[in-house]
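One structure below.
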Amino acid sequence: MAQGKNHVTLLGNVGKDVEFRTTPGGTAVATVSLATTEAFKDKQGHRTNKTVWHNLVAFGRMAEVLRDHVRKGSRIDVVGRLQTRTWDDKESGGKKNRTEIVVRELILLDAKRKEDGNNEEEEYGDVQISDEDIPF
């Protein structure tokens, strides 16, 4: 039987600052929302945009990179896999689901600027992080 493929590639803007925490076992975890926008023409022929929000999660070194280099409004390109978590909601007693993209690779598309008096200089361009950078 052939194996399936779980592969997601997204290019968009971060909607809020990264939320960072450490699990009781010491694993770094970062979560952030990413907006992707698609332009299309509606039935009347007017050009319009549709924005979709995606939940991203990263672990280990990738979580630390997100924490240190990504802010609200940052433009990023991510590659990952879809994951859906299910849990019991303590308030309602019902089941809750959350689908998220587990980040495997990240390209930072915004250049970080370092202020030096009145001059600004680019500190880095595109930074690529892959599975090999993750310590587990």
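Key figures for this structure:
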item: Residue under evaluation VAL14, criteria (1) surrounded by 15 or more Cβ atoms within 10 Å (Cβ to Cβ); (2) touching an Asp or Glu at 6+ places or on another chain (Cβ under 9 Å); (3) of a type in the set (Val, Ile, Thr), criterion not met; result: (2)
item: Among the candidates GLY45, GLY60, residue that is on the phi > 0 side of the Ramachandran plot and surrounded by fewer than 12 Cβ atoms within 10 Å (Cβ to Cβ); result: GLY45
item: Members of the range 48-64 found to be among the aliphatic types (A, V, I, L, M) and under 11 Å from the mean Cα position of the chain (by Cα), listed by number; result: LEU56, VAL57, ALA58, MET62, ALA63
item: Condition met for THR22 (hydroxyl-bearing (Ser, Thr, Tyr) and either at pLDDT 95 or above or more than 25 Å from ASN6 (Cα to Cα) (or both)); result: yes
item: Per-region count, the range 21-37, residues in contact (Cβ under 8 Å) with a residue 12 or more places away in the chain and either under 20 Å from ILE107 (Cβ atoms) or small (Gly, Ala, Ser) (or both); result: 9
item: Residue within the range 78-93 that is on the phi > 0 side of the Ramachandran plot, exposed (fewer than 12 other Cβ atoms within 10 Å of the Cβ) and at pLDDT below 95 present; result: yes
item: Residue list for the range 64-112, restricted to those being more than 13 Å from LEU34 (Cβ to Cβ) and acidic (Asp, Glu); result: GLU64, ASP68, ASP88, ASP89, GLU91, GLU105, ASP110
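The values are calculated or read from the model by the stated rules, or taken from the named source; none is laboratory data. Since the model is a prediction, treat every value here as computed from it, not as a measurement. Heads up, the Cβs are rebuilt from the backbone with ideal geometry, glycines too, and the neighbour counts pull from every protein chain shown.
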